[in-house]
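The values are calculated or read from the model by the stated rules, or taken from the named source; none is laboratory data. Since this is a predicted model, take the numbers as computed values, not measurements. Cβ: placed from backbone, ideal geometry, glycine included. Neighbour counts: every protein chain shown. Accessible surface areas use protein heavy atoms only, side chains included; no ligands, DNA or RNA. Shrake-Rupley method; radii C 1.70, N 1.55, O 1.52, S 1.80 Å.
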Amino acid sequence: MPKLTIDGVEIEVPDGLTVLQACELAGKEIPRFCYHDRLSVAGNCRMCLVEMERSPKPIASCAMPAAPDMVIHTDTPTVRKARQGVMEFLLINHPLDCPICDQGGECDLQDQAMAYGYDRSRYQENKRAVSEKYMGPLIKTIMTRCIQCTRCVRFATEIAGVEEMGLVNRGEHAEVTTLEKAVDSELSGNLVDICPVGALTSRPYAFKARPWELQSTPSVDVMDAVGSNIKVETRGREVLRVLPRLHEDINEEWIADKTRHACDGLSRQRLDRPYRRGEDGRLREATWEQAFEAVAERLEDLPGAAVAALAGDLCDAESMLALKDLMAALGSANLDCRQDGAKLPAGPRGAYLFNTSIAGIERADACLLIGSDPRREAPLINARLRKRFLRGGFPVAAIGPQRDLTYEVAQLGEDPGALAALAEGEGAFAGVLRRAERPMLVLGMGALARPDGASILGMARRIALETGMVGDDWNGFNVLHRAAARVGGLDLGFLPGEGGRDRDAILAGAASGEVKVVFLLGADEIDMSALGKAFVVYIGHHGDAGAHRADVILPGAAYSEKNGTYVNTEGRVQLGRLAGSPPGDAREDWTILRAFSERLGSPLPYDNLGQLRQRLIEVNPLFARLDQVAPGAWGAFGSETPAEASSPFLLPVDNYYMTDPISRASVTMAECAEAFGLAAPAKRTGTDG
Amino acid sequence: MRTTSYGAPDSGDFAFDEANRKRAETIIARYPEGREQSAVIPLLDIAQRQNGGWLSDSAIAHVAAVIGMAPIRVHEVVSFYTMFYSKPVGRHLIQVCRTTPCWLRGSDELTRACLKKLGTRIGEVTEDGLFSVMEVECLGACANAPMVQINDDYYEDLTPETLVRVLDALAAGQEIGVGSQSGRQGSAPEGGAQTLLETQPGGGGAG
């Protein structure tokens, strides 16, 4: 614990800090461009110069380890003059195009030039011009603005794990490039955030808005089950961009590209008024009364067993609870939130959570991936795994199709047979797991969403127990969900009740005619042709597969348009907030269900969001514990019957950029899918029948 | 000033030939295990020699693969050092020294004579692929200024005429002596000894 003096104040700082970090702890702000907390130190911008006594010249504080008895001055005429000199050098070749630069208003160089810049230039020479580079559909480059801080190069290499960016040439000719390749990373959007100037800017957001025009709403992402903390930035009711919000235990300060760039899908293919299918089989616009009338008519005298409900991937807990209560009022036990057919148990809670927690990955010392591709299913969890891997001593093995995960993975096989062998203790990796102090396994939907998923779950549980993954202070058993709604749905019991049907049985019942009315709450990933002649009520926000099949469409709100509760794959309860109202006649989903229940004559017992949340907490008290990870209860789950040993695991996500109704409607995501050679699915129009 | 980083298009599949593969192995073996990447510069040199004096994208990719580096990292090295060329050069790469001593002794005339003789501009390769010319900074042979380096050899004490003679000989594939072209030995005084004339080498002058 070195003790040093910073601007006359003595401070003791933890070992291993740099002078810059020590100054931060002492409350002194140090300007910087190349230094970034989460990246390696480059020390090439020289903006963080401070004066150290007994040193003949100013030192770069970002690269100088804090040592005992240092005497640092951060605000002397020398320091100011040195920084002014650095700033003047940086501006020699920086264009004066702030008025047309997208970084304007949130630019480190602009801000720091206000503090350290001269008010006039002493240079007559021409500035250098650098040709633009192609970095893919998400990143727009104006490389003349680049100040060669190399943050982007270090981010791509260290965090994203794609060594595709580099600083080529030297001296005045130095330039950052990818050699004309798109940055093939699910985290590439963060390059725009870490660029301290306007060299890398967001291509979809180019020339859209200035930061001071936007209203920023703190919210939670629903594109995957990570629950990244985001800021939804709107002008009027249009979402213009999504930015990350710091949460050390979830997304640190990054977000995935789908989270950031699928937001243009929020204003396309929206369901903005109710529809009902006419006699001629075409969907026609209707009023809310007519739409409710059509559903109520169909429900009349129908036994509960003939009604079913499926919840989709993006649903908030409130709307699922409202639908669950409505189903109870209709006397139906046929409901399921596992639209992908995953064999997830209703409990104990530890059986369907990412028990290690995302931050806990950093404490693990061995990892087994089963039917999971974290890079495409949860890019930020993959980034944590990589972060842990880079620290060393973290063997990772995978059972399932081979994918590049940006770190070394030993391939143990592709089918449950390999898993069974591991459970028997065969192979070297079984020993690795057994010897590890805190081993973990990640069970993906590729392993659970198959007919023998329960057996796989049981087998994974046995491996977890036999290799000592489950203890008092460590639980290495993890289920990696893909859908933001899933854990919430399981927590509030959006599952078949007594004698009720699960997803497969609902689809079978619909095909055979036993199930006559199916409510789809944003459920678009099921096989619509399997619904047979059933009367389908779609409550959702996009004209996707579900709306296409529906007989009545009740337009709902997307995640940015409602206050909703989401539970991430760790079991962390978080609140998404309303950033802009839903379009046209669309309404927040739970209010639709509440209004419809009134039409049926048995109103749901809540009139506002507060009462609904009270009901949510009654159903499961966990919903009251915001932003906390409670250890998941452990117990018996899974099946003992042997799995189909030779049918290989299939990974659920081939095209990362288009996995849900919002990202499928997004033009940006379609461009990404095209740029990276992933098949772009045919355009769905949904509402035009 | 405009700069850009685009290299020449790839010339095809490059791989070390048998002799160079062995050479590369020897070089890599000089570094501890896990530190193979330290061999990047000597390996690039071997690859450049095998590839006709320049490094194509596929040569860079091959070196990267041999030592387990990302291609972009090797590109950074190649573009940083001035003696790696990422665009084609002539079989005889003429580097005219233009730093002060050579410049005072007429390096501008050498460049002019060279370009006139070959009918090209700086940086271009002649149509027959034999020559390309570039200007470089001090090559450290100031005592024999002006001079040029052609591939690995120095040609010193040049005049435009003697330089053209050298180029003719190289084009014809004839032997031509390297070093001083004015006839003196090494950097010995021009026109014979100028000092210590009264002493005889090896003799007992002072004694």
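Descriptive notes on the structure:
- Length available on full extension from B:ARG30 to B:GLU198: 0.36 nm per residue minus the Cα-Cα distance, which gives 55.2 nm.
- For the stretch A:137-199, alpha-carbon Rg over 2.2 N^0.38 Å: 1.02
- Cβ-defined net charge surrounding A:PRO416, 10 Å radius [Lys, Arg +1; Asp, Glu -1]: -3
- In the protein assembly as shown the Cα-Cα distances spread across 20 Å bins starting at 0 as 12, 35, 31, 15, 5, 1, 0 percent of all pairs.
- Largest-first ordering by accessible area, 1.4 Å probe, given options A:ARG122, B:ARG105, A:ARG376: A:ARG122, B:ARG105, A:ARG376
- Over the stretch B:92-180: Rg over Rh, Cα atoms, Kirkwood Rh: 0.92
- Placing +1 on each Lys and Arg Cβ and -1 on each Asp and Glu Cβ, with no other charges, gives the protein assembly as shown a dipole about its Cα centre of roughly 1000 debye.
- Using a probe of 1.4 Å, the accessible surface attributed to A:LEU626 totals some 80 Å² when neighbouring protein chains are kept in position.
- P(r) histogram, all alpha-carbon pairs of the stretch A:1-141 included - 10 Å bins from 0, percent: 11, 35, 31, 17, 7, 0
- Cys residues of chain B counted as unpaired, since no other Cys beta-carbon is under 4.7 Å: B:CYS114, B:CYS138, B:CYS142
- Multiplying the residue separation of B:ALA143 and B:ARG91 by 0.36 nm and subtracting their alpha-carbon distance yields 16.0 nm.
- Across A:GLU498, B:GLU137, A:GLU674, the residue with the most accessible area heads the list, and the full order at a 1.4 Å probe is A:GLU498, A:GLU674, B:GLU137.
- Partners for A:LYS324 among lysines (Cα-Cα distance below 18 Å; same-chain residues under 8 apart left out): A:LYS516
- Per-selection metrics, the stretch B:18-80 (Cα): Rg and Dmax in Å: 10.7, 31
- Subset of B:LYS87/B:LYS116; A:LYS208/A:LYS231; A:LYS387/B:LYS87; A:LYS3/A:LYS57; A:LYS133/B:LYS117 violating a 28 Å alpha-carbon distance limit: A:LYS387/B:LYS87; A:LYS133/B:LYS117
- Nearest-0.05 FRET efficiency for A:ALA630 and A:CYS98, computed from C-beta distance (R0 60 Å): 0.80
- Efficiency of FRET between A:ASN563 and A:ALA508 - r from beta-carbon atoms, R0 30 angstrom, step 0.05: 0.25
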